[in-house]
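Below is one structure, written out as structure tokens; comments come after it.
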Amino acid sequence: FRLCLRSKWPRSAALALKRGLYDEGENMTARLEEACKRGYPDVVELLLTFPEVEPSRKTSRRDDMNALSLACKHGNTNVVELLLADPRVAPGADKNIAIRLASRFGHSDVVALLRADPRVAALEQAP
């Protein structure tokens, strides 16, 4: 599974997950983050069914982002939709970092999705 994900084979990665072809000790939250960054909605959807996956947990990477922040930064709209449907995701966390990243990188479709979510705090308007 991990090799498929890193080799940019999302269909193979999804199939491996469906068939249980992954390490039992594998950090599935880290795999979720990778799938969110790369924009693999089929893989994200499957990983969100794993009880051990923590979609709002920050990564151990130096950029310190969670799955939603990574998807927003890279403009992966389909992935953002899936994450917003999961009640474990907190889109307004860390002072709305998700919407700020989507805005900074010019992903207006992602910004629109986030603004429509009631869990995203209203951003202060500059005078």
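Here are some notes:
- Flag if Leu46 is aliphatic (A, V, I, L, M) and open to solvent by less than 50 Å² (accessible area, probe 1.4 Å): yes
- Within the stretch 11-50, the set of residues being of a type outside the set (Phe, Trp, Tyr), at pLDDT 90 or above, in a loop (DSSP other than H, G, I, E, B) and on the phi < 0 side of the Ramachandran plot comprises Leu48, Thr49.
- Complete set of residues in the stretch 11-21 that are under 20 Å from Gly39 (Cα atoms) and open to solvent by 50 Å² or more (accessible area, probe 1.4 Å): Arg11, Ser12, Leu15, Lys18
- Contacts under 7 angstrom Cβ, first residue in the stretch 76-92 being of a type in the set (Ser, Thr, Tyr), partner assigned to a helix (DSSP H, G or I) and open to solvent by 50 Å² or more (accessible area, probe 1.4 Å), 6 or more apart: Thr77/Asp109
- For first residues located in the stretch 1-27 and closer than 15 Å to Pro41 by Cβ, partners that are part of a loop (DSSP other than H, G, I, E, B) and hydroxyl-bearing (Ser, Thr, Tyr) and lie 6+ apart or on another chain with Cβ distances below 6 Å form the pairs Pro10/Tyr40.
- The residue list Leu123, Leu82, Leu114 contains one member that is of a type in the set (A, V, I, L, M), at pLDDT 95 or above and either within 27 Å of Lys18 (Cα to Cα) or not in a helix (DSSP H, G or I) (or both), which is Leu82.
- Taking every residue in the stretch 110-122 that is over 15 Å from Asp94 (Cα atoms) and pairing it with any residue that is not in a helix (DSSP H, G or I), at least 6 positions away or on another chain, the pairs with Cβ-Cβ distances below 6 Å are Val110/Gly75; Asp117/Pro91.
For (1) touching a helix residue (DSSP H, G or I) at 6+ places or on another chain (Cβ under 9 Å); (2) within 21 Å of Ile97 (Cα to Cα); (3) not small (Gly, Ala, Ser), each residue gets a yes or a no:
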{"position": "Ser12", "(1), (2), (3)": "yes, no, no"}
{"position": "Asn27", "(1), (2), (3)": "no, no, yes"}
{"position": "Glu33", "(1), (2), (3)": "yes, yes, yes"}
{"position": "Arg57", "(1), (2), (3)": "yes, yes, yes"}
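- Scanning the stretch 49-87 for residues that are surrounded by 24 or more Cβ atoms within 10 Å (Cβ to Cβ) and of a type in the set (Val, Ile, Thr) turns up Val79, Val80.
The values are calculated or read from the model by the stated rules, or taken from the named source; none is laboratory data. This structure is a prediction, so every number in the text was calculated from the model and none was measured. Positions of Cβ are backbone-derived with ideal geometry, glycine not excepted, and every protein chain shown enters the neighbour counts. The protein model used for the area step is the full one, side chains on, heavy atoms only, and it has no ligands, DNA or RNA in it. Shrake-Rupley method; radii C 1.70, N 1.55, O 1.52, S 1.80 Å.
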